[in-house]
Each structure stands twice: as structure tokens, then as C-alpha cells.
1. Write out, first by first residue and then by second, each pair whose Cβ atoms fall under 7 Å of each other, whose residues are 6+ apart or on separate chains, and whose first residue, in region 38-63, is of a type in the set (Lys, Arg) and open to solvent by 50 Å² or more (accessible area, probe 1.4 Å) while the second is modelled with pLDDT of 85 or more and assigned to a strand (DSSP E or B).
2. Under 7 Å by Cβ, and 6 or more places apart or on different chains, what pairs join a residue from region 196-212 that is in a helix (DSSP H, G or I) with one that is open to solvent by 80 Å² or more (accessible area, probe 1.4 Å)?
3. Could you check region 101-122 and list, in sequence order, the residues that are under 27 Å from LEU209 (Cβ atoms), surrounded by fewer than 21 Cβ atoms within 10 Å (Cβ to Cβ) and touching a helix residue (DSSP H, G or I) at 6+ places or on another chain (Cβ under 7 Å)?
4. Being in a helix (DSSP H, G or I), under 20 Å from the mean Cα position of the chain (by Cα), under 24 Å from ALA86 (Cα atoms) and not small (Gly, Ala, Ser) is true for just one of ARG136, ARG144. Which residue is that?
5. Can you tell me which of SER135, SER186 is touching a helix residue (DSSP H, G or I) at 6+ places or on another chain (Cβ under 9 Å) and open to solvent by 40 Å² or more (accessible area, probe 1.4 Å)?
Amino acid sequence: MVDPQHGLPKWRRVLAVVAHPDDESFGLGALLDRFVAAGAQVRVLCLTRGEASTLGDIDGDLAEVRGAELRSAAAALGVGEATMCAHPDGGLSAVPPERLEADVIEQAHRVEPDGLLVFDPVAGVTGHEDHETASRAAIAAGERLGLPVLGWALPEDVGAILRAETGGGFAGHPRELLVEVPVDRSRQLEAVRCHATQAVPGSVLWRRLELLGDVEYVRLLVPGSVPSA
């Protein structure tokens, strides 16, 4: 269960499942740092190589560059391993769901996590279809394996501000349905800087962090049947 005092379950091993290299830092970074600081072993499974990004002027193969950025960011966060699949960036919804689920299950068998950490599946938090698809694959895997799944989410008032200011598809939940997690963003920001091709000035990332301050929010998506303490 989620500890209402500290915000996160007492998992010893955590598998974060994301769609793109940078999601682990831009979205989950502060939470991953909290898990690591509590002594958990953290691994990341990224379902694409991020090759569809249109940000920046990249020399060389973008997928290779973003893979290197992911490895650097993972090290900054204290993540033990970051594994990348080669599903199409921007096209995860066209991949058979059972194939994505199988990737998560295979990684879970390797890592033997106490639980999975994902983006909230409602609009994938940001409105990006890949985020929602990745999360739903992880949720299906968690249900099959009996693993709890924790979702990173936004309060609905923060989502509304971001929608109004950016035109993006951000989604949130009433604060009473969420658990607050106090965070220190130092290591998250270090990891964000590793994604030099994506952390561009003016990115909505910076506005979201400004609105959230030193708090993140989560909700339990799948209770699971594996003890969390």
C-alpha cells in the first residue's frame, strides 16, 4: 500500500515503465530519486528509442544520442539499469497490446520488482498517446503478475493551468484522490540536464515543475498481491 505519511510504498525493487527516453527524468525523476534514497533498487524499461523527436538540431543518429542521454540520466538518478525497446516512437498504439505487455512481463521476470511505477493512464498525464499506451501495457502486466502499479499523476487544477497555457492535453485528478509525495528535485534536475536534446528553454517541463514545487502526486492503479513492505 501507499504510505500516507511518506507517499510511497516501501518497495525494495522498483521497475519504472515509460514510453520515451526523458520520461524517466521529466516525469518520474523526483519519485525515482525518492525510491533510491530509501534504499530501493530501481530499473527503467523504456519502450521506444525516442527517434521521432523534432526538438533540436541533432548530429548523428537521434536514437543513439537519446539512448546515451537516457543512460546518463539514469546514472544521475541512481537507477541501476535502463533498458530500451525499439517500438516506434509516436506509434506505440499501433503495436499489439499483448506485445508491449510481454515486454514488461519479461523485464519484470528479470528484475523481480515489488511494484511498477508508470505515468497515470488517463491521457498519459501529458496527453501524449504513447504515454497512455505504455502505462496501460504496464498495468495489464501488473494485473497478470499480481504486482502493484503506482501512477504518477497531476492534480486537476495543475492540469487545467497547463492546458490553458500550452494547449496541451494534460489531465489530472481531484487532490483528494491523490497522495502527496514531498520531493527534492536536485537529482531530477541533474538528470533532466542529461537530456540536452529535449530540455529546451521554454519547454512546458519547466512550467510544470514551477507549479508543483517540491511535491509530486501519485495514485495506486493496481493494488497487486505482492507485499509492499
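1. Note: pairs meeting the criteria are ARG43/LEU15; ARG43/GLU81; ARG49/MET84; ARG49/ALA86.
2. ARG207/GLU165
3. Across region 101-122, there are no qualifying residues.
4. Exactly one of ARG136, ARG144 is in a helix (DSSP H, G or I), under 20 Å from the mean Cα position of the chain (by Cα), under 24 Å from ALA86 (Cα atoms) and not small (Gly, Ala, Ser), namely ARG136.
5. SER186
The values are calculated or read from the model by the stated rules, or taken from the named source; none is laboratory data. Everything quoted here is computed from the prediction, not taken from an experiment. We place every Cβ from the backbone using ideal geometry, glycine too, and count neighbours over all the protein chains shown. We work out accessible area using only protein heavy atoms, side chains counted, and drop any ligands, DNA or RNA first. Shrake-Rupley method; radii C 1.70, N 1.55, O 1.52, S 1.80 Å.
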